[in-house]
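Here the structure comes first, spelled out in structure tokens, and everything after it is commentary.
The values are calculated or read from the model by the stated rules, or taken from the named source; none is laboratory data. Remember, it's a predicted structure, so these values are computed and weren't measured experimentally. Backbone-built Cβ (ideal geometry, glycine too); neighbour counts: all protein chains shown. In case anyone asks, the SASA skips ligands and DNA or RNA and just uses the protein heavy atoms, side chains included. Shrake-Rupley method; radii C 1.70, N 1.55, O 1.52, S 1.80 Å.
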Amino acid sequence: VWFRLWQEQPMREALSQLYRELADYFEDKYSLLTQHTNPETALPPLLKRQQQVMDTITLVYQQIYMITDLKHPRHKRLMQAFQVALDLQEHITVSLHQPDEVQKLVEESHAEAVIRFNAKIISQRLRVLADNILYHQRPTAFNMDNELSALAKIAHQHPDNPVGAFCYYHFSRIAHLLSSQCPLYTRSLMQGQNI
């Protein structure tokens, strides 16, 4: 048992780190949009966070090759968590162009507090999942329908403002991933392996 746990621990640690970095990146990104930070000074650290996420994804790929029996149910759960993280990364890193213009649109839609609150809930959940992965725990149930309904209302009230619809779409996809713990897209992570 100890040998099995030891074999998968590097991947477990890298995967946990990935979820933490996604949480930090997501939180920083939506703080930039809702707190009127100067994009010129805020974007370089944000891009650095994004690069850390991509570097950790590469590290997890390397850890996958260290595991001999990927078909084992315990390893399949880790692979599924990684696929979910890849989907999360896609929805977290996508952005509207021209952050300074987006800030104005956020202000015009009166969405700052709602976006910030939704981002906080998602970031907290990502950190909980990071701990679950690291400490071999099953995730508890998660639902943020109430929080998303406030975002949907803003999107409906401001149909000409793309920020509400953009945030609602991506936040709801992220929330679905966090609650279902199942990837949205099918990927082949290793050649010759259907995982």
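How high is the relative contact order of the chain, in percent, with contacts defined as C-alpha pairs under 8 Å that are six or more residues apart?
Working: 194 pairs, mean separation 59.7, N = 195.
Worked out over the chain, it gives 31 percent.
Could you name the aspartates and glutamates in cross-link range of Lys71, using Cα to Cα under 18 Å and dropping any fewer than eight places away on the same chain?
Here the aspartates and glutamates satisfying the reach criterion relative to Lys71 are Glu8.
Heavy-atom accessible area per residue, the chain, 1.4 Å probe: how many Å²?
I get 54 Å² per residue for the chain.
Does a label point 7 Å from the Cα of Phe142, set along Cα-to-beta-carbon, have any residues of segment 8-34 with amide nitrogen under 15 Å, and which are they?
So the set is 15-27.
Nearest 0.05, what FRET efficiency do His156 and Ser95 give at R0 = 35 Å with Cβ-Cβ as r?
0.95
Report the label-to-label distance for Gln62 and Glu40 in nanometres (one decimal), using points 7 Å from each Cα along the Cα→Cβ vector.
3.7
I need the phi-derived Karplus couplings for segment 121-131: 6.51 cos²θ - 1.76 cosθ + 1.60, θ = phi - 60°, integer Hz, Gly and Pro marked x.
4, 5, 4, 4, 5, 4, 5, 5, 5, 4, 5
Going 7 Å from the Cα of Arg77 in the Cα-to-Cβ direction, what parts of segment 133-166 have a backbone nitrogen less than 12 Å from that spot?
Under 12 Å, as judged by backbone N against the label point of Arg77, lie 133-140 of segment 133-166.
Residue-wise, which Karplus ³J(HN,Hα) couplings in Hz belong to segment 150-156, taking 6.51 cos²θ - 1.76 cosθ + 1.60, θ = phi - 60°, and x for glycine or proline?
5, 5, 5, 5, 5, 4, 6
Tabulate in residue order the Karplus-calculated ³J(HN,Hα) for segment 75-90, using 6.51 cos²θ - 1.76 cosθ + 1.60 with θ = phi - 60°, rounded to whole Hz; enter x for Gly and Pro.
These are the phi-based 3J(HN,Hα) values: 6, 4, 5, 5, 5, 5, 4, 5, 4, 4, 4, 5, 5, 4, 4, 5 Hz.
Order these peptides, 178-188, 142-152, 163-173, by their mean beta-carbon neighbour count within 10 angstrom, highest first.
Per-residue mean Cβ counts within 10 Å order the peptides as 163-173, 142-152, 178-188.
Given 10 °C and 1.306 mPa s, compute D for the chain with the Stokes-Einstein relation, Rh being the Kirkwood radius over Cα pairs; round to the nearest whole µm²/s.
Working: Rh = 17.6 Å.
D, rounded to a whole number, is 90 µm²/s.
Ignoring ligands, DNA and RNA, please state the percent of accessible area on segment 14-94 from carbon and sulfur, probe 1.4 Å.
Working: 1930 of 3690 Å².
Carbon and sulfur together cover 52 percent of it.
Any chance you could run the full-extension gain for Tyr135 through His176? It's 0.36 nm times the residue separation minus the Cα-Cα distance, nm to one decimal. Mind dumping the intermediate values first?
Details: separation 41, 0.36 × 41 = 14.76 nm, distance 2.31 nm.
Full extension of this stretch gives 12.4 nm more.
Using bins 5 angstrom wide from zero, how does P(r) for segment 23-87 break down, in % of all Cα pairs?
4, 15, 20, 17, 12, 11, 9, 6, 4, 2
At 0.36 nm per residue, and after removing the present C-alpha to C-alpha distance, how many nm does the segment from Gln9 to Gln124 gain when stretched out fully? If you can, show how the numbers build up before the last one.
Values: separation 115, 0.36 × 115 = 41.40 nm, distance 2.31 nm.
So the chain would gain 39.1 nm between Gln9 and Gln124.
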